[in-house]
Each structure stands twice: as C-alpha cells, then as structure tokens.
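The values are calculated or read from the model by the stated rules, or taken from the named source; none is laboratory data. Because the structure is a prediction, the values reported are computed rather than measured. All Cβ positions, glycine included, derive from the backbone under ideal geometry; neighbour counts span all protein chains shown.
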Amino acid sequence: MSNGGAQAGYPERKGFAMRRAFGETAMSIGAMGIVLLALVAIDPRVREQVSLRVSRPSIPIAEASQQMHSLTSVVATAVRDQSIDHAPMLIFVLVAAVLVLFMTRT
C-alpha cells in the first residue's frame, strides 16, 4: 500500500536516530563525568579546585566564567601530568582501543 509517496516507517527511523543521538550524547557526558571524578580522586589540585567551586555555588556570572577557566586549566594540567606519568599505559590503551575498533568494524 502506498502512503502518497511517503516511505513506510520513516517516522520510526527518524525517532530511532534521535534516540540514538541522545543516547550517544548522554554516554559522552557520562564519560566526561567519570574522567572528572577519576581526576578528583587522584589529583589533589583538581580536588581542591572542585571543592572551592562546590562550596560557593552562588557567584556572579563574570566570576563564574573566570573560575571555569581556572578549573579547566587545572584539569588540563592534571590530565597532562597524569598522561606524562603514565605514558606507556596511555599508549597501550590507545592502541587497544584502535584494535577493538577495527575488530568490530570487520
């Protein structure tokens, strides 16, 4: 049966694509949260900066922007230091991830 030229099931495909995009976005945000929690647990500098931000939640917008920049720089420094300290493990995990990606593609 024809629906006036429209493909049967098109709305379901569009809904599935939206659900998939939402799921992937949620997984990305969750992964970033896990990385941040791991850094808070491992690095005292990040722990201190996060505790400063949580203890004063009501701050003006201009200060919030400056503090987010400060927090981002501390997190970036901690990530860089941790990656330098654990470079062999980082390389191993990266190569393993690439191999798993290729294995699932074929």
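Here are a few things to note about the model shown:
- Test: Q66 is modelled with pLDDT of 75 or more and touching a Leu at 6+ places or on another chain (Cβ under 7 Å): no
- First in the stretch 78-106 and within 23 Å of I42 (Cα to Cα), second anywhere and assigned to a helix (DSSP H, G or I) and polar (S, T, N, Q), Cβ under 6 Å, 6 or more apart: L90/S83
- Within the stretch 1-27, residues that are at pLDDT 70 or above have Cβ atoms under 9 Å from residues that are part of a helix (DSSP H, G or I) and among the hydroxyl-bearing types (S, T, Y) in no pair, counting only partners at least 6 apart in sequence or on another chain.
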